[in-house]
Structures are given as structure tokens and as C-alpha cells.
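The structure appears below as C-alpha cells.
The values are calculated or read from the model by the stated rules, or taken from the named source; none is laboratory data. Computed from a predicted structure; not experimentally measured. All Cβ positions, even for glycine, are placed from backbone atoms using ideal geometry, and neighbour counts span all protein chains on display.
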Amino acid sequence: MKIPHCRQRCPANSYDNKKQNTKTTVLQRIPREAVRLERYKKKDILNLIHTMMEANDSVVKALPADPEALTQVFIQCQDAAMEIGTHLEAFGEQYRGLVENLEDYCEKIYQMSMVTSNEPVCRKIGKKLRKQLTQLQNSIQIQLPEDRKEVVFLPYKASMWDSLESVWRAAEEDGDTDAYVIPIPYYDKNPDGTFREEHYEGDLYPQDVPITRYDEYDFENRRPDMIFIHNPYDNSNYVTSVHPFFYSGNLKNFTDELVYIPYFVLGEPDVENEEALEGMQHFCITTGVFNADKVIVQSENMKKAYVKVLTRFMKEQSGEDTREYWEKKILGLGSPKMDKVVNTRKEDVEVPEEWRKVIEKPDGSWKKIILYNTSVQALLNHNEKMNRKIRDALNVFKENREEVALLWRPHPLIEATIKSVRTRLWEEYKEIVDTYREEGWGIYDDTADLDRAIAISDAYYGDGSSVVQLCQERGMPVMLQDVEIIAG
């Protein structure tokens, strides 16, 4: 965009930030980076023009003022006009009239910068600029097409993708939305909190989910309209951490709306049971919940529990009554995990050949499949007793393997957690896993596809976890194991 009397022809800038007049620097409220967009956003252009109008009005009201202070405002206004004009030029000759309007605006800005000592003339030019910006704003509102919405999904573990998938599919099917799935790297942590191995699971997602690499998407310049996350812990998880760039506190800088959806589902709480609410605190009081603009939970009842826990916590911390704030922020719209498990049909999933060898009887019919789920918390709570319980359960299923097929699916964070905090316990647990896999009489499922395991299983056995709620949603019989009961 060629602009006569552009920035370099304004008076030399000897502006000192310490002398900044707040009345004449309203344009600084918008970071310059926010203007340099790789994608076209009509609303950003309109917002920027509105801010230029405020800057113009501030200059006029501040007269007479320090010329050096005004110089900074003039330069910023010209920069903003150049950004808008260059952006419009890229979209074709039909916007040439708008570009010429911006060029004329820059000419008037230059003229104004030359006569700051002449208050009447300066005010006259300022009035013309106000009228010109109003016309420009109206023209852009009419001529430019409406923005496409850009939505980004940031899963970290592929096994937890089901907590976002149905929302992504709805966005993907919306003709006015561009949806990006961007798996992000995460790290195991050492006992001292330092990072250990880096993990990236971008190759583990369903084939129909297009993946964008995290290092190929410019968050700062693209600034998506919405970002969805399912990891609420930032740096407060003792076992794993996503890359610090993707902490919720940082992501808020790059989007208009940060949305957190839990990667888990919980048993429906009794909101009048104080003990139950106490047990929910570590799910509710997280940095992701506080930093998100919206939090979507599995039901209206769960919303009530979150609101009650968070309102009480904030009352204790600051004395404020924040109930109304949480009522608006927490939405009981349901869990995508429930959507996924309900919509995944047994006949539609692909069962690996090595699994079929365990499942099928000699006549081709299927044995009853038991989903055996072991949790991180049970191991941490019961240590060696839990390992003993697992050994015993495996022996029972082994004895009945002609009629029952066992599908053992441990929690995906067991290895990282136990290796980090209970090394000796991990060694014993690993020996159990290795023996089970070597013997080959059962299925060991450490894939990212929980829904396949649930879809083909006939019943659930194991520890209490969010998987229990998913199985109950499908109407499956559920039995929880008791670490104190040993069959053999």
C-alpha cells in the first residue's frame, strides 16, 4: 500500500514513555501484533478503526498538547491504516476505493502532525478525520464478507481425544467454521518437577481427523476465535505436563474464548453431601477452570457441584460472593466422552487379529469379553496390595479363559505416575504386565481407543474410575474389585 506522507515524513520521534499522556495514546491499548493477521478477520479491522476513532477524539480533546506526545499517536494511526490497507489490497481490486480512503486518511494525519501548535486548524482536521473514519467503518461493514470462525482443539494424549471429538465434528461440519486439531507435546516429570521424556501422539488419532502440527500453527498471528483444551493442570500436575506454551494462562493471550472440557467423567454427585463435594475439590479447583472463559461439564447436576465448590473456595480466599460468576461460566451441556461411547457401535469397530485369537471360540462365536480397568489411584493408595490383587484377578480370568476373554486396559498414566513416585512398586507392576503379555491368553490394550474396548466388551470389572460411568451409560454390568478380597 503506497501512502503519501507516510510514517517516515512525520516529525522525528523523540517520545519518552515516561511522558506518555494517557489521553493521547488510546491506540496503544491494542497490541501491534493483533493487527498483523495471517487470516482475514473483519471484526479485527472494525475494532481497529474504532480505536483509531478514539485516538482521533483523544488528540482533539487534549489540545493543546505536547507535540512529542502527539507524534507517537500519529505514527500509530498511520501504522494501523497501513496494516488495514495492505490487508485489503490482498483481497482484490474491488477494495481499491477503501485503500484510497486509507491513503487519504494518512495524508490528513501527516497534515495534522505539521500543525499541532495551531489548535483551530488541528481541530478542523480532526473533525474531518472523524467523519472519514466513520465512512470507512460503514463501508467495511457493508462491503466485506462476514468472518469465518476459526476454532482450535488442543488434545495432548490421543486416548483422551474422545473428550473433544464430538465438539470438533460439529465444528468441522459447520460451513462457516475452520476447525484445527493440533495435538500438543507433553512430558513425564521427575520427582523434583523437572521434565523428562517428551511425548507427541499426533500419529495416533483416527484417520478421518486431519492433524495440524503444533509448530506449524501461528497462534499469535492467527488468533483463533476459540481454543478448546482438556488438560486443566498447567504446571500443577506432579506426573506430567504439557509444554508450557500450552498452559491455560498463556493460551488466553491468543484467543477470544478459551473453553475447558474435562477429559474425565465422574459419578453424579449429591450436591447436598459435604463429603462428596470435598472429594471433588481437586477436579474443580484447577488453573484451567480459573483461566477458561467457559467450562463445559457433563450435566446440570455436575454444574451445581462445581459452582458450589468454587463459590465456597473463593469465599474462603477473598470473602467475595462469586456464585453469579460461576453460574455463567460453568455450563452443564454434557460430556463428549458420553457422546462418543454411545455412538460407537460394536459392529463398526475394527478388532485386531491378535485380539480375535483371544476372543473367538473354536466354532467362531465370541466369548464374553470382560473389560478389566486398573487405575493410577488404586495403585498409589494400596501399593503392593494392589499388585497382589491384580495378580490374583489375572489368575482367576486365566483359569476361565475358555469361556471368558479378558481385555485389560490400565489407565494410560500408570507408567508415568508410578515410575515417577514409586520406583520399586513400578518394577513389580511391570513384571506382572510383562508376564501377562508374554503368555498371550488375554488382551492388553494400551492403545488410544478406549471406545473400541467399551464397544466390544460385555461387562466391566476393576477399579472405580470415569470408565465406570461410560460403561454404565451403555448399560453394561459393572463390578468393582476389592483389594482385600483374594481368591487364591
Practice task
Give the residue that is nearest to the chain's Cα centre (by Cα), with candidates limited to residues of region 105-128 that are assigned to a loop (DSSP other than H, G, I, E, B) and of a type in the set (S, T, N, Q).
Solution key: 116
Exercise for the section: Please indicate, with yes or no, whether at least one residue in region 236-245 is in contact (Cβ under 8 Å) with a residue 12 or more places away in the chain, closer than 29 Å to residue 464 by Cα and in contact with a Gly (Cβ under 9 Å, 6 or more places away or on another chain). Expected result: yes
Practice task
Might you check whether a residue that is free of Cβ contacts under 8 Å to residues at least 40 places away in the same chain and closer than 20 Å to residue 328 by Cβ occurs anywhere in region 264-272?
Solution key: yes
Fill in the blank from the handout: Filtering region 129-185 for residues that are out of contact with any strand residue (DSSP E or B) (no Cβ under 6 Å at 6 or more places or on another chain) and either at pLDDT 95 or above or part of a helix (DSSP H, G or I) (or both) leaves a count of 29
Fill in the blank from the handout: Counting only helices (runs of 4 or more DSSP H) entirely within region 335-414, those with at least 2 residues that are without any contact (Cβ under 8 Å) to a residue 12 or more places away in the chain and in the same structural domain as residue 451 (by TED's automatic domain parsing) are 353-359
Handout entry: Given (1) within 36 Å of the chain's Cα centre (by Cα); (2) part of a helix (DSSP H, G or I); (3) at pLDDT below 85, index of the condition residue 79 fails
Key = (3)
Exercise for the section: Only residues that are modelled with pLDDT under 90 and either touching a Cys at 6+ places or on another chain (Cβ under 6 Å) or hydrophobic (A, V, I, L, M, F, W, C) (or both): list them for region 342-374, please. Expected result: 342
Problem - From 253, 221, 231, residue being loosely packed, with under 14 Cβ neighbours inside 10 Å, in contact with a helix residue (DSSP H, G or I) (Cβ under 9 Å, 6 or more places away or on another chain) and not aromatic (Phe, Trp, Tyr) - result: 253
Exercise for the section: Just one of (1) free of Cβ contacts under 8 Å to residues at least 60 places away in the same chain; (2) surrounded by 18 or more Cβ atoms within 10 Å (Cβ to Cβ) trips up residue 110, so point out which. Expected result: (1)
Practice task
Could you tell me which numbered condition residue 454 fails, if it satisfies all but one of (1) in a helix (DSSP H, G or I); (2) under 30 Å from residue 268 (Cα atoms); (3) touching a helix residue (DSSP H, G or I) at 6+ places or on another chain (Cβ under 8 Å); (4) modelled with pLDDT under 95?
Solution key: (4)
Practice task
Kindly indicate which of 56, 118 is of a type in the set (S, T, N, Q) and in contact (Cβ under 8 Å) with a residue 24 or more places away in the chain.
Solution key: 56
Problem - Those residues of region 464-485 which are surrounded by 15 or more Cβ atoms within 10 Å (Cβ to Cβ), modelled with pLDDT of 95 or more and not hydrophobic (A, V, I, L, M, F, W, C), in sequence order - result: 481
